[in-house]
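Some notes on the structure that comes next.
Quick note: the coordinates plus some simple rules give every number you see, no bench work behind them. What you see is a predicted model, and the numbers here were worked out from it, not measured in a lab. Cβ sites come from the backbone with ideal geometry, for glycine too, and all protein chains shown count toward neighbours.
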């Protein structure tokens with residue numbers, strides 16, 4: 001069973017926040033989890049914001065980036081390109097659910113990637129994104 005985790009989940013694995021314990025609990029099952037260039041870009045921004053808000057130091061950020069690169073290189077995450085039709089599906093999700101759920105572009109793009117990659121589970125700590133994933137038939141961690 002494949003899993004797609006959004007950036008909020010990944011950041012909770014690599015930094016300590018209110019969701020870290022739950023993320024660590026879920027990851028113990030060691031499922032295959034997709035990792036796309038979208039994850040890479042978003043994780044880089046999320047880690048930088050942790051420094052900006054003084055939640056971690058620059059040294060911590062370098063350690064987190066290094067660990068993430070190491071985990072990607074070791075095959076802990078299943079690397080994939082952003083699926084060819086993900087942006088088209090993202091726009092479709094916005095038309096169908098945007099006004100009802102208040103999801104943002106990146107929320108919809110992550111769910112679209114998960115659907116295009118045929119993930120069965122979607123892990124996120126963003127409630128609106130989880131609602132979108134569930135509306136599209138994905139099992140969530142919530």
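Listed here are the residues, each with its yes/no results for (1) within 17 Å of the chain's Cα centre (by Cα); (2) within 17 Å of residue 10 (Cβ to Cβ).
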position: 91; (1), (2): no, no
position: 95; (1), (2): no, no
position: 98; (1), (2): no, no
position: 101; (1), (2): no, no
position: 107; (1), (2): yes, yes
position: 117; (1), (2): yes, yes
position: 125; (1), (2): yes, yes
position: 129; (1), (2): yes, yes
position: 132; (1), (2): yes, no
Practice problem: Please identify the pairs in which a residue from segment 62-76 that is on the phi > 0 side of the Ramachandran plot has its Cβ atom under 7 Å from the Cβ atom of a residue that is part of a helix (DSSP H, G or I) and surrounded by 15 or more Cβ atoms within 10 Å (Cβ to Cβ), counting only partners at least 6 apart or on another chain. | Solution: none
Exercise. Go through segment 20-45 residue by residue and tally those that are assigned to a loop (DSSP other than H, G, I, E, B) and either without any contact (Cβ under 8 Å) to a residue 12 or more places away in the chain or surrounded by fewer than 19 Cβ atoms within 10 Å (Cβ to Cβ) (or both).
Key: 5
